[in-house]
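The values are calculated or read from the model by the stated rules, or taken from the named source; none is laboratory data. Every value quoted in this text rests on a predicted model; they were computed, and no experiment measured them. When we count neighbours, we look across all protein chains shown, and the Cβ atoms used for this are built from the backbone with ideal geometry, even at glycine. Accessible surface is based on the protein model in full, side chains and every heavy atom, while ligands, DNA and RNA are left aside. Shrake-Rupley method; radii C 1.70, N 1.55, O 1.52, S 1.80 Å.
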Amino acid sequence: IVVTDKLGQVQKIKIRSDIQRHEWDFDNLETDGNFKNYVEADGSRKRTGIDVSEHQGEINWKKVSQTVDFAIIRVGARGYGQSGKLLVDDYYRENIEAAQDAGLMVGVYFFSQAIDPVEAYAEAAYTLELIEGYDLDLPVFMDYEFASDKNNPGRLNTAQLSKIKMTENAEMFLETIE
């Protein structure tokens, strides 16, 4: 398939023939006015979730639990400035505990800006340190994306890593988490 990325560049993506495609019938999508949910022919439903970070501020998890089944909570990030400092999400503890208290299934993510496997390992080790003692229902995720702002072009943009190098970084993070 051919797609245009967020920088306006056209990318060709090969679809592997050995990967099974979904068999969803999009007529089975239902909406409650806020979310779309997929209902299987047997009546079972796909689950709805959200991801949150300190950017959402204080969250009313009791209210949130009325519309979603799970939350993926950011525990930390690597700054996308040149120094690439590891940062903790100031709300992660409160969010994990309050979401679980509200009956939601919880997983976590780390916002990665790793430019090599050493940094990816450090991010994963930091994540494990931050979540020690928590009983999570869902996995640890690596949120590996290009980030920038008006003052900073972003570490991943500047590093110009190949797909192979980015894959190596992701593999290091995930193998460390396992």
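Could you tell me whether region 9-22 includes any residue that is within 30 Å of Thr158 (Cβ to Cβ), surrounded by 10 or more Cβ atoms within 10 Å (Cβ to Cβ) and out of contact with any Lys or Arg (no Cβ under 7 Å at 6 or more places or on another chain)? Yes; the residues of region 9-22 include at least one that is within 30 Å of Thr158 (Cβ to Cβ), surrounded by 10 or more Cβ atoms within 10 Å (Cβ to Cβ) and out of contact with any Lys or Arg (no Cβ under 7 Å at 6 or more places or on another chain). Looking only at region 112-156, residues that are closer than 18 Å to Tyr92 by Cβ, out of contact with any helix residue (DSSP H, G or I) (no Cβ under 6 Å at 6 or more places or on another chain) and among the β-branched types (Val, Ile, Thr) come to 2 in all. Contact annotation: residue pairs with Cβ atoms under 9 Å, 6 or more positions apart or on different chains, pairing a residue in region 63-89 that is on the phi > 0 side of the Ramachandran plot with a partner that is surrounded by fewer than 20 Cβ atoms within 10 Å (Cβ to Cβ) and among the acidic types (Asp, Glu), are Gly84/Glu119.
Residue-wise test of (1) open to solvent by 20 Å² or more (accessible area, probe 1.4 Å); (2) within 30 Å of Asp32 (Cβ to Cβ).
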| site | (1), (2) |
| --- | --- |
| Asp101 | yes, yes |
| Val108 | no, yes |
| Gln113 | no, no |
| Leu128 | yes, no |
| Leu138 | yes, yes |
| Asp143 | yes, yes |
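Residue count for region 145-169, restricted to those that are polar (S, T, N, Q) and surrounded by 13 or more Cβ atoms within 10 Å (Cβ to Cβ): 5.
Among the residues that make up region 130-138, is at least one of them within 20 Å of His55 (Cα to Cα), modelled with pLDDT of 95 or more and not hydrophobic (A, V, I, L, M, F, W, C)? Checking region 130-138: not a single residue is within 20 Å of His55 (Cα to Cα), modelled with pLDDT of 95 or more and not hydrophobic (A, V, I, L, M, F, W, C).
Looking at region 21-31, can you tell me whether even one residue there is assigned to a strand (DSSP E or B), within 17 Å of Tyr109 (Cα to Cα) and among the acidic types (Asp, Glu)?
no
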